[in-house]
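Below: one structure, written as structure tokens.
The values are calculated or read from the model by the stated rules, or taken from the named source; none is laboratory data. These numbers come from a predicted model, not from an experiment. Heads up, the Cβs are rebuilt from the backbone with ideal geometry, glycines too, and the neighbour counts pull from every protein chain shown. Just so you know, the surface numbers come from the protein's heavy atoms only, side chains and all, with ligands and any DNA or RNA stripped out. Shrake-Rupley method; radii C 1.70, N 1.55, O 1.52, S 1.80 Å.
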Amino acid sequence: MKLFSTAEAMQIHEFGFWAGYISTVWQRFPLNQLAMSMILSASVVRVRDGLPLSASTDCEQSTGVQECRKYFKALSRKLAQLPDRCTLKTGQYNINFISSLGVSYMMLCTENYPSVLAFCFLDELQKEFITTYDMLRTNTAIRPYCFIEFDNVIQRTKQRYNNTRSLSTKINLADMQMEIKLRPPYQISLSEFGSANGFAHLSAVEFKGTGKIPAAPHQRLEPLTLPGIVSFILSLLCGALNLIRGFHAIESLLQNEGEDFSYVIAFFLGTAACLYQCYLFVHYTGWRNVKSFLSFGLICLCNMYLYELRNLWQLFFHVTVGAFSTLQIRLRQPQGKSPDYNV
């Protein structure tokens, strides 16, 4: 009788475990549903502005799929405000996506496609994309679909996951199933999409069924960079200069009744705008980019009003620091979940 070594015995045991697990997942669905259970399309999108970086070339042109592509676009515009793992059920189809390191991986599948396989598919796309492209290229990309060659990886992976009987030794379903059980994806409802015809906006998101506190407002921002630290210090400096000049204006106003009180208001509004930019740089809030632009606009208006009290170099310094801080606020995006490579 042939005896197996310890390593061979472990391999046999592992193969038997995966074969049994896939068989269990497979048996949960009737054969007529399994024939229609599949991944239809996938795309890679930048989180901060919804720029599509790559997508699968799909032949499916049914009405339902075309409607789901509208949801794709609406979700792409709001990825920065959503948690890093979500599911949107749209009747016959599901949209699943995960976000990590400023990039989101989205997929459209039929409603009966197993959730564990869907997120394994997205996790595999994520690891392939991070391995192929560095963050600098993705952050500085300007043109849509500038990584269209990644479509080959998407198509190859999609074909494998649409033939799930061949996946037993290639993916770790047990780990993904445990992760989904411990931290299930947020269920986004269709009512969160505002107007039905244009999907113009997402309302205040109340994520259902998976957690008590929405994750988006509490997301951590990316690590500090040297330009970001410099902009933060310069904003504090401008705020301090405005504050000091404001107190001097109050003293001048008390000594001379003819002084204009509006200068005092302008100095203190400039101080508030600079300090608020510092707050936006450090903390993640909703409409963060819009608030930073409004703060910069207030800084410009205050300095225009204080034109008679400052020379051109002082005005240039305050406006330049405000613009630089606004840029750094926009560049410092919410930090995505780091991929787990089981190292």
Worksheet item: Looking only at segment 70-90, which residues are touching a residue at least 40 places away in the same chain (Cβ under 8 Å), part of a helix (DSSP H, G or I) and hydroxyl-bearing (Ser, Thr, Tyr)?
Response: Tyr71
Discussion item. The conditions are (1) surrounded by fewer than 13 Cβ atoms within 10 Å (Cβ to Cβ); (2) under 34 Å from the mean Cα position of the chain (by Cα); (3) more than 30 Å from Pro83 (Cβ to Cβ); (4) of a type outside the set (S, T, N, Q), and Leu301 fails exactly one of them. Which is it?
Written reply: (1)
Discussion item. Pairs needed: first member in segment 279-304, among the hydroxyl-bearing types (Ser, Thr, Tyr) and assigned to a loop (DSSP other than H, G, I, E, B); second member anywhere, open to solvent by 60 Å² or more (accessible area, probe 1.4 Å) and at pLDDT 90 or above; C-beta distance under 9 Å; at least 6 residues apart or different chains.
Written reply: Thr285/Tyr279; Thr285/Lys291
Discussion item. With open to solvent by less than 70 Å² (accessible area, probe 1.4 Å), more than 30 Å from Thr326 (Cα to Cα) and at pLDDT below 60 as the only criterion, which of Thr210, Thr164 stands out?
Written reply: Thr210
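Open to solvent by less than 20 Å² (accessible area, probe 1.4 Å) and at pLDDT 85 or above: is that true of Cys120 in this structure? Let's see the steps before the verdict.
Values: open to solvent by less than 20 Å² (accessible area, probe 1.4 Å): yes; at pLDDT 85 or above: yes.
Spelling it out, Cys120 is indeed open to solvent by less than 20 Å² (accessible area, probe 1.4 Å) and at pLDDT 85 or above.
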Item to complete: Tell me which residues, restricted to segment 305-323, are in a loop (DSSP other than H, G, I, E, B) and surrounded by 13 or more Cβ atoms within 10 Å (Cβ to Cβ).
Response: Leu306, Arg310
Worksheet item: Which residue pairs have Cβ atoms under 8 Å apart, sit 6 or more places apart or on different chains, and have a first residue in segment 306-330 that is in the same structural domain as Ala249 (by the TED database) and over 19 Å from Thr285 (Cα atoms) and a second that is part of a helix (DSSP H, G or I) and basic (Lys, Arg)?
Response: Leu309/Arg245
Practice prompt. Go through (1) open to solvent by less than 50 Å² (accessible area, probe 1.4 Å); (2) modelled with pLDDT of 75 or more; (3) in contact with a helix residue (DSSP H, G or I) (Cβ under 6 Å, 6 or more places away or on another chain) one by one and return the number of the condition Phe199 breaks.
Written response: (2)
Worksheet item: Based on what the data block shows, is Val321 modelled with pLDDT of 90 or more and either closer than 29 Å to Asp260 by Cβ or over 20 Å from the mean Cα position of the chain (by Cα) (or both)?
Response: yes
Practice prompt. Could you tell me which numbered condition Cys278 fails, if it satisfies all but one of (1) among the hydrophobic types (A, V, I, L, M, F, W, C); (2) at pLDDT 70 or above; (3) under 20 Å from the mean Cα position of the chain (by Cα)?
Written response: (3)
